[in-house]
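One structure below.
Read-outs throughout are calculated quantities, based only on the coordinates presented, and are distinct from any laboratory measurement. Quick caveat: nothing in here was measured; it's all calculated off a predicted structure. Counting neighbours? That spans all protein chains shown, and the Cβs are built from the backbone with ideal geometry, glycine included.
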Amino acid sequence: MKYGYYPGCTLHQQAEEFDVTTRESARALGIELEELDSWQCCGAVFPLATDAVINLAAPFRALAAAYEAGVELVTVCAGCLNVLRRTNNLVQNDDETRDKLVDFVEEDYAGEGRVHHLLELLRDEVGFESVSERTKRDLNGLRIAPYYGCLLLRPPDEMEFDDAEDPQILENMLAGIGAHPVSYPLRMDCCGAYLPIGELEERRNRAAVAVMRSASAAGAEAIVTSCPLCAHNLEQCAQDVPGAEMLPVLYFSQVLAYALGLDADSCGLEPDGLHAGVCEKIGIGEVK
Amino acid sequence: MRKIGVFVCHCGLNIAGTVDVKRVAERCAEIPGVVHSEDYSYMCSDPGQNLIAEAIEEKDLEGIVVAACSPTMHEPTFRAAAEAAGLNPYQVQMANIREQCSWVHPDDEEEATRKAEGIVGAAVEKVRRDEPLVPHEIPITKKAMVVGGGITGMQAALDIADAGYPVILVEREATIGGRMAQLSETFPTLDCASCILTPKMAEVGRHPLIELMAYSEVEEVSGSVGNFRVRVRQKPTYVDWDACMGCMQCQQQCPSEVESEFERGLGTKKAIGVDFPQAIPNRPKIDPEHCAHLRGDFCWLCSRSCPVDAIDYEQEERIVEEEVGAIVLSTGYDMLPQEVLGEYGYGKYPDVIDSMAFERMKSSSGPTGGEIRRPSDGEIPKEVVFIQCAGSRDPDKGQSYCSKICCMYTAKHATLYHHSVPDGQAYIFYTDVRAGGKGYEEFVQRTVEEDNALYLRGRVSRVYPEGDKILVKGVDTLSDENVEIHADLVVLATAVTPRTDAREMARIFNVGTDEHGFLNEAHIKLRPVETTTPGVYVAGAVRGPRDISDAAAEASGAASKVAMLLSREEMETDPLIAEVDEGDCSGCLWCVAACPFDAIEEKYLTRRVGDREVSRRVVEVNVGVCQGCGACTVACRDGAMNLKGYKDEQILAEVESICLIAGSQQ
Amino acid sequence: MKLTRHGLHSEMIEKIERISGEEISKCYQCGKCSAGCPVAQEMGTLPHRVVRHLQLGQDERAFEAEAVWFCTSCHTCESRCPKGFDLSRVMEALRAVLLRRGEAPVRPEDLPAELFAAAPQQAIVSCYRKYVS
């Protein structure tokens, strides 16, 4: 089936490896992703003030464009998913706001479309068993800590992504590609989001440090996430967390694409750098 | 034309605050046939009733309308007042201008007043066509049924039986005792639950007037107050209980050990046996899901060990029909399903348990022999966190109500814990301590002062394992500090919930439920153990969360209501029932199909025409069974079926009146 | 603290309720939001206390709370709140009023240039949305 792909700003800039590995994983699994012709930044955060209607214009336009093109949307950035899905819910349920958006954007759209995360497609459409069958490399039981953070899961009644207190989708995907998902308590906790960017105080990002330590203490060898902001904050922990406790941070699609046969370089795996330990364990280069 | 009186009640400001009651009374006086119309502050009061009586006597009224509240509460009041003054009580009509008018239109006096005029005017048209009616007398079956054999049902059954009436006690499980049988000690006296419960169980078991139907469920109820017919399904126990002597050899021999629901997952049971040694009846049953033989394996151990050959693998369920005059429902409560509060890891981490599991742990016949031990490793916990309101007062994910009993049993748990582990520390997260009850607040204070429990005002957001401890992340809003406790054991005071099949039971007994599934009483304050179905009573936690004292009190209350009913030889039935005009009836039997109470039967009218006998089919209404629902009158194609007091012509007259008044108001 | 009926139902309280879409009186102060807040330690005033200030009509004390800026809208509070009260929205309403007054805590020109090279676009846009306008 063909889907409209919404990469989001970060995947076109800092997180290119996330973009490349997402496209390649989808291709390997028979999911056709076609990037929307024109799209704007979703706004990164869903506006929580009821009168901040203007902030909904960009995600509304993307949703309307996909509907116009007759495709359902797919994204992998947790921020984009959160904003797009919540905007769609709002457009479906709040007539007043929808009317304002329709007038402003001049697109007649009432929330008929759908927004998917690639992981949801793997779970609900492809099936993790089928993903498993199509792997070309074994991840050799690499101990990976799946990190959900906030945006995929909450608010639970709007995101309906997975059980917000005990999500399993990343675990099941990782197990399917031959990794060993590590359970640790802070996998649904906040990474500190934009707090460190604003530098409100000379405070360290203790939230991200706690997450890193929690994953590390559980015996993980790497963390995977679906959020560039989470990835950034976790990487920034290096200044506060001793090297031994500091884990490499990867996008879920990097390990997925690697398992599906994409070469390590295209996957953004660096055998000589941050990912040395990971690469050694999974034996970079060998294809079954 | 019949002489009609209209009495408009202010109900203080409940009606008069919105409706112009004087105008309503004046307008009604203009209706032809209305010879008396007045308003008064409280018609239901003695002076109000006297006004009605005087008017009836002085003006020879042949029908009255009382424009006041819903008939639920005061229709009997006004009927009685009218009857005392010489008017037939069925020539009294309530016009509800409170619930259906003033309360729902508080902001529009003009509209509300006009609507009230319409309601009262219609009632006048109805009552002028009301015929005097006389109740029927039917005999009463002097026997009661109590459904649910926990402490409430046992108490009710004993009280009814002690009053001299036979009782059938139906219990779903194989033993009576209910939730109380699972408890260790009870608040506020710390009486051992078994010590006060088991003698009562034994009394129930040997009472000559109590017939115990254990491992049975009610399937269907028909009939009505005084004469219910109840179908009870006796589930197969695979043991001939009449032959069995209760030696429990079978239980000892059985090789299949499974998790015990009675022990809240902390202990095991055999596939044959009793939940606890004091079970009444003291007879084992086979759990077919886990019995090796019944699952097709080669095992006859119980059968071989039985000295009286009572094991019967072929036993099948039996349906029994019983006739009773009154029914008490006392099926108790369940607890919140564990998956609701994922943040507490209940069901996921073994050292997070619920309060009922703690009760089992403290019970001397429980899985740890009364010692408090961590389920994970059997160690004695030194830091124990109790979390109250786990799913209570939580309209978002749990139950919106306060579960009422948790404050007290948690204080009890902390006290018992301190007695067992004097060097341990109990922490209690609470939202508000609700300790209204005799000796309750004093008990809580002792828990703090003498038993060293630390009360923390606030909730816990998350619980997860850290090393071999359980990290509890909570808040103490009194100090405005977040609190972290590395606990050995976490006990959740999970919400009391209705039985999962409560709504189905309510349907069987024709009783209402609230939005949660607890059974509704007829009036929450003044008729707490009655229901809107006469002859069916409710008591205990089936109505909502209750402690043992309240449940026992309600049980005795329901029992006395039952005794009142059964003490009469005959009872009057409401004459507002269906009536067939045999002349118009074509015998099509559509009414028979429409009747939900099986109250209509066919019969044949025979007469001689010349030298031939001609027979014609018509129907007949059973006055003891008909509930006056009116379904048959709608189904009847011939217009032969009518509901007394609600004849077609009366209803059409009401509608016409409303149309005329509405038309004239425009 | 002096309480009056006017103070309890001030225009500002109504405005916060309007912008957030949440009824302040819905919160019964159980504190579960604070207990689970991942940045509670940075907040100075615990989140439930911010709501309490509003319930008491003390909106200025709510505005002064650092918690307003440290809230990351992670929705942990709301997802566990027994009353379904969306505290994230109340925090956003407080931020919105302050930002519209011109009291932004971050000035874009003060952000270090290297940040724009290192941080993901998502982070910078979020920061602008929450702290600048």
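When the alpha-carbon atoms of chain B are used, the pair Rg, Dmax equals 30.8, 103 angstrom.
Once the C-beta distance of B:Glu484 and C:Glu103 is scaled by a Förster radius of 35 Å, the resulting FRET efficiency is 0.55 to the nearest 0.05. The mean count of C-beta atoms from other chains within 10 Å of the C-beta of residues in C:113-121, rounded to a whole number, is 6.
Put a dot 7 Å past the Cα of A:Asp99, heading toward its Cβ, do the same for C:Glu23, and the two dots end up 2.5 nm apart.
When both segment B:333-404 and segment B:620-666 are represented by their alpha-carbon centers, they are found 56 Å apart. For segment A:2-118, a crude dipole built from +1 on the beta carbon of Lys and Arg and -1 on the beta carbon of Asp and Glu, taken about the Cα centre, is about 380 debye to the nearest 20. Remark: for residue pairs B:Lys404/B:Lys525; B:Lys200/B:Lys438; B:Lys269/B:Lys397, the C-alpha separation exceeds 21 Å in B:Lys200/B:Lys438; B:Lys269/B:Lys397. The residue among A:Met173, B:Leu471, B:Leu169 whose Cα reaches farthest toward the positive pole of the charge dipole of the protein assembly as shown, with charges on the beta-carbon of Lys, Arg, Asp and Glu, is B:Leu169. Cross-link partners for B:Lys3 among the lysines, with Cα-Cα distance under 23 Å and sequence neighbours closer than 8 places in the same chain left out: B:Lys22, B:Lys59, B:Lys126, B:Lys644, B:Lys647. Loop-located GluC sites (Glu not before Pro) in segment A:221-288 (DSSP state not H, G, I, E or B) with no more than 13 neighbouring Cβ atoms inside 10 Å: A:Glu286. What residues qualify as long-range amide H neighbours of B:Asp240, i.e. H under 5 Å apart, gap of 5 or more or another chain, H built at 1.01 Å from N? Under 5 Å from the amide H of B:Asp240: B:Ile311, B:Asp312.
Helix content alone sets the calculated 222 nm mean residue ellipticity of chain A: runs of n ≥ 4 DSSP H residues at -39500 (n - 2.57) each, divided across all residues, give -11000 deg cm²/dmol.
Shape class for segment B:334-497, computed from the alpha carbon gyration tensor (a ≥ b ≥ c): rounded, with a/c under 1.5. Out of segment B:204-307, which chymotrypsin sites (Phe, Trp or Tyr not before Pro) are coil in DSSP terms and have no more than 11 other C-beta atoms within 10 Å? Passing sites in segment B:204-307 are B:Phe298. The mean number of partner chain beta-carbon atoms within 10 angstrom of a residue's beta-carbon across peptide B:393-399 is 5. Restricting segment B:203-298 to trypsin sites (Lys or Arg not before Pro) that sit in a DSSP loop and have at most 12 other Cβ atoms within 10 Å of their own Cβ leaves B:Arg295. From its DSSP helices (H runs of at least four residues, each -39,500 (n - 2.57)), chain B gives a residue-normalised ellipticity at 222 nm of -8500 deg cm²/dmol. Using C-alpha pairs below 8 Å separated by at least 6 residues, the relative contact order for chain B is 13 percent. The longest part of chain B holding none of the exposed loop GluC sites (Glu not before Pro), meaning those outside H, G, I, E and B in DSSP with at most 14 other Cβ atoms within 10 Å, is B:31-260.
For the segment A:227-233, counting C-beta atoms of other chains within 10 Å of every residue's C-beta and taking the mean gives 4.
Other residues with beta-carbon under 12 Å from the beta-carbon of A:Thr21 carry, at +1 per Lys or Arg and -1 per Asp or Glu, a net charge of -4.
Sum up the charges of everything whose Cβ sits under 14 Å from the Cβ of B:Val225, counting Lys and Arg as +1 and Asp and Glu as -1, but leave B:Val225 out. Value of the local net charge: -1. Taking other residues whose beta carbon is less than 10 angstrom from the beta carbon of B:Gly366, and scoring Lys, Arg as +1 and Asp, Glu as -1, yields 0. Between B:Glu582 and A:Arg114, the modelled labels are 6.6 nm apart [label points 7 Å from Cα along Cα→Cβ]. Radius of gyration (Cα atoms) of the protein assembly as shown, expressed as a multiple of 2.2 N^0.38 Å: 1.15. Between the listed residues B:Ala326, B:Leu489, B:Ser364, the Cα displaced farthest toward the positive end of the dipole of chain B, a dipole computed from Cβ unit charges relative to the Cα centre, is found at B:Ser364. The dipole here belongs to segment A:228-288: it is taken about the Cα centre, uses +1 on the Cβ of Lys and Arg and -1 on the Cβ of Asp and Glu, and is about 220 debye.
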